[in-house]
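The values are calculated or read from the model by the stated rules, or taken from the named source; none is laboratory data. Here the structure is a predicted model, which is why all the values come from computation and not from measurement. Methodologically, a virtual Cβ is constructed for each residue, glycine included, from the backbone with ideal geometry; neighbour enumeration extends over all protein chains shown. Remember, those area values only see protein heavy atoms, side chains included, never the ligands or the DNA or RNA. Shrake-Rupley method; radii C 1.70, N 1.55, O 1.52, S 1.80 Å.
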Amino acid sequence: MHKVFVILRKEFSEILQQRVLLYSVFLPPLLFDVIPLLILHLGGNGTRASSIRIPSLQGLTLHEYTQGVIGTEFSNFFILLSMVVPSTIAAYSIIGEKSNRTLEPLLATPVLRWQLLAGKILAALLPSVLVTWVSGSVFIAELAVFTDANVVSHVVTEGWLILFIVGTPLLGLIAVSIMTAISSQVNDTRTAQQLSIWAVVPVIGIILGELSGQFELTVFIAVVFDLILIPVAIFMTWGAAQLFQRETILTRWK
Amino acid sequence: MNSIETNHLTRSFGKLVAVDDLTLAIPEGTVFGFLGPNGAGKTTTVRMLSALIAPTSGNAVIMGHQLGENNEAIRQSVGILTETPGLYERLSAWDNLMFFGEMYNLSREKSSTQVERYLRLLDLWDRRGDKVGSFSKGMRQKLAIARALLHEPKMIFLDEPTSGLDPEAAKVVRDFIKVLRSEGRTIFLTTHNLPEADELCDLIGVFRSRLLRLDTPANLRVSVFGSGTQVRVVGDAARWVEPVRALAFVQQVTASENILTINLPHPNEQNPEVVRKLVAAGADICAVEPSSHSLEDVYMELVENEHETAAIG
């Protein structure tokens with residue numbers, strides 16, 4: 001495990017040196033924390049909100065319901081965040097090694113493939129999960145402070161919490177695995193990020209489904225969703241590992 | 001003991017055979033020059049021998065470890081300077097080397113000692129805290145060489161170590177290779193710089209997908225051009241080709257301006273008779289000296305012959 005930590009340390013040193021990457025990592029969560037505050041501050045008459053039927057918000061007053069809709073909409077962005085942030089880091093981490101030609105000297109060391117892959121995945125995953133959880137917690141605190149008493153419990157439901165705590169690391173792992181696969185085919189970070197955007201489409205579908213009242217994110221649905229994510233994450237990680245072999249990287253990666 | 005032994009080592013990419021039936025043995029402490037044109041399969045060979053890619057067939061033993069059976073041990077026992085330095089540009093020289101030291105299983109303390117040693121040895125100590133992105137090409141190359149040596153490997157692969165360097169930086173690198181040779185390390189040097197190979201190498205392999213010739217530089221000259229004598233005469237040397245050719249032991253005679261180049265099996269014994277013959281024929285001789293062919297002549301001869309053979313085939 002020592003080498004995984006050595007790789008992680010190196011990756012974090014490099015991440016901290018890249019201002020653009022830091023903006024990409026910290027700006028979205030910051031915006032997702034600040035924008036709902038502004039919208040809540042501006043308030044609204046609830047006309048638009050009342051036209052949206054979100055099952056988990058039933059029983060709230062119109063004012064609470066308006067706040068609840070804003071909260072529910074933004075709460076789901078934190079699920080998406082877990083896919084966006086690691087994709088950004090992984091794009092720089094893996095494609096950066098390719099474009100700087102640092103992969104060959106690294107692969108020439110007696111590092112094992114799993115150590116290198118684990119180091120790379122964790123370097124993208126750990127900050128992402130941390131950023132997602134911290135910014136999500138700030139968001140919950142904001143709801144608690146700036147909305148009416150009943151709203152928090154209707155937005156931060158048990159189902160959402162299960163997805164937020166268990167699902168986000170899994171979604172992050174899937175995003176990193178997809179980025180690793182994309183890395184084998186492209187040579188610049190922008191293309192990789194553009195392609196990886198498609199990975200969030202299924203998650204957006206689920207969010208829209210909830211917001212349009214098609215289903216409620218109950219504990220059951222959240223657990224089922226997490227249970228589906230586990231084999232998907234394992235399969236995607238296995239696929240990434242298949243592409244992340246010395247031979248493949250040196251002879252077939254473009 | 002041999003540092004490298006390969007036995008019919010072959011590597012194909014689809015229908016393309018990049019390395020074909022390579023069999024060679026490189027004794028410990030040898031500087032081996034691996035020469036060949038671009039695309040000849042040199043880098044593929046280095047990658048196979050440093051356990052980065054697997055051969056399609058054949059086998060090899062590197063530093064006592066069988067290729068494919070204990071690749072981690074091979075990677076631990078060799079150092080490699082890749083074609084491009086491949087350094088982390090946003091990290092300092094110190095951080096770059098510390099990272100690789102630990103990747104080569106050195107403890108943090110040992111790594112720190114080794115990094116200091118090589119940064120001082122390669123005159124980079126004062127720039128240890130600077131980001132590598134600010135380094136010149138020569139400094140990067142020196143840093144990459146330091147990286148290859150941190151774990152004190154007895155076998156080092158140097159892929160084009162002086163390529164693109166200014167003459168001063170190239171000399172520093174060449175002098176450092178001589179230091180490594182004096183320490184008894186085995187060096188596998190791929191280069192296009194033939195005078196450099198001539199200066200540094202004990203053994204030369206000329207390669208173009210397959211090994212065309214393997215010998216010492218001196219023996220290569222003899223085997224390709226024969227041992228011979230150059231005679232400088234007054235006037236056009238072509239006049240004296242026929243009288244010299246009449247001598248039974250002469251293998252080949254060529255004339256260029258005022259110089260006769262004569263291939264002889266035993267120049268020391270046969271030179272006096274050649275001189276007598278020329279004088280008797282009326283030639284005015286200015287000088288007699290051993291014929292000298294550069295390694296470049298040898299290389300061009302071998303590679304061009306191979307090209308012609310391949311074209312005929």
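For the reader, a short list of remarks on this structure follows.
- Taking all protein chains as they are arranged and a probe of 1.4 Å, the heavy atoms of residue B:100 leave approximately 0 Å² accessible to solvent.
- Square roots of five times the Cα gyration tensor eigenvalues for the range B:2-221, Å: 29, 20, 16
- Cβ-derived FRET efficiency at R0 56 Å, residue B:183 paired with residue A:201, nearest 0.05: 0.45
- Across A:83, A:236, A:179, mean-square fluctuation computed from a Gaussian network of chain A (C-alpha pairs under 10 Å connected) peaks at A:236.
- Of every Cα-Cα pair in the range A:88-179, the percent that sits beyond 15 Å: 68 percent
- A full extension of the chain between residue A:148 and residue A:113 corresponds to an added length of 7.4 nm, given 0.36 nm per residue minus the alpha carbon distance.
- Placing a label point 7 Å from the Cα of residue A:12 along the Cα-to-Cβ direction, the residues of the range B:92-106 whose backbone N falls under 18 Å of that point are B:92, B:95-96, B:98-100, B:102-103.
- Rolling a 1.4 Å probe across the protein heavy atoms gives the protein assembly as shown an accessible surface of 44 Å² per residue.
- Span-like helix ranges in chain B, DSSP H, alpha carbon extent 20 angstrom or more, Kyte mean at least 0.0: B:167-182
- Separation of the residue B:297 and residue B:276 label points, Cα + 7 Å toward Cβ, nm: 2.7 nm
- At 1.002 mPa s and 20 °C, Stokes diffusion of the range A:2-251 via Kirkwood alpha-carbon radius, µm² per second: 112 µm²/s
- Length added when fully stretched, residue B:7-residue B:286, from 0.36 nm per residue minus Cα-Cα: 95.4 nm
- Of all DSSP beta bridges in the range B:2-221, antiparallel share, percent nearest 5: 55 percent
- Counted charge near residue B:72, where neighbours are those whose Cβ lies closer than 13 Å (Asp, Glu -1; Lys, Arg +1): +3
- Interface B:A - total buried accessible surface [probe 1.4 Å, Å², rounded to 100]: 2700 Å²
- Relative to the longest principal axis of the Cα atoms of chain A, helix A:2-16 runs at roughly 70 degrees.
- Bridge type composition, the protein assembly as shown - antiparallel percent by DSSP, nearest 5: 70 percent
- For chain A, the longest principal axis of the alpha carbon atoms and the long axis of helix A:219-243 meet at an angle near 20°.
- 14 Å beta-carbon shell around residue B:270, net charge (K/R +1, D/E -1): +1
- Zone residues, the range B:262-290, relative to residue B:252, backbone N less than 13 Å from point 7 Å out along Cα-to-Cβ: B:262-265
- D (Stokes-Einstein, µm²/s), Kirkwood Cα radius, the protein assembly as shown, 0.890 mPa s at 25 °C: 87 µm²/s
- Computed over neighbours whose Cβ is under 11 Å from that of residue A:9, the net charge equals -1, Lys and Arg +1, Asp and Glu -1.
- Selection of trypsin sites (Lys or Arg not before Pro), the range A:73-175, meeting DSSP coil and at most 11 other Cβ within 10 Å: none
- When the helices of chain B are scored as -39500 (n - 2.57) per DSSP H run of n ≥ 4 and the total is divided over every residue, the value at 222 nm lands at -12000 deg cm²/dmol.
- Sparse-neighbour loop sites [GluC sites (Glu not before Pro); the range B:222-313; at most 13 other C-beta within 10 Å; DSSP]: B:257
- Among the listed pairs A:3/B:15; A:120/B:131; A:10/B:154; B:15/B:154, those beyond 30 Å (Cα-Cα): A:3/B:15; B:15/B:154
- Springs between Cα atoms under 10 Å define the GNM used for chain B, and in it the highest mean-square fluctuation of B:222, B:233, B:279 occurs at B:279.
- Helix A:62-90 and the longest principal axis of the C-alpha atoms of chain A enclose an angle of approximately 0°.
- The protein assembly as shown - percent of accessible surface contributed by carbon and sulfur, probe 1.4 Å: 58 percent
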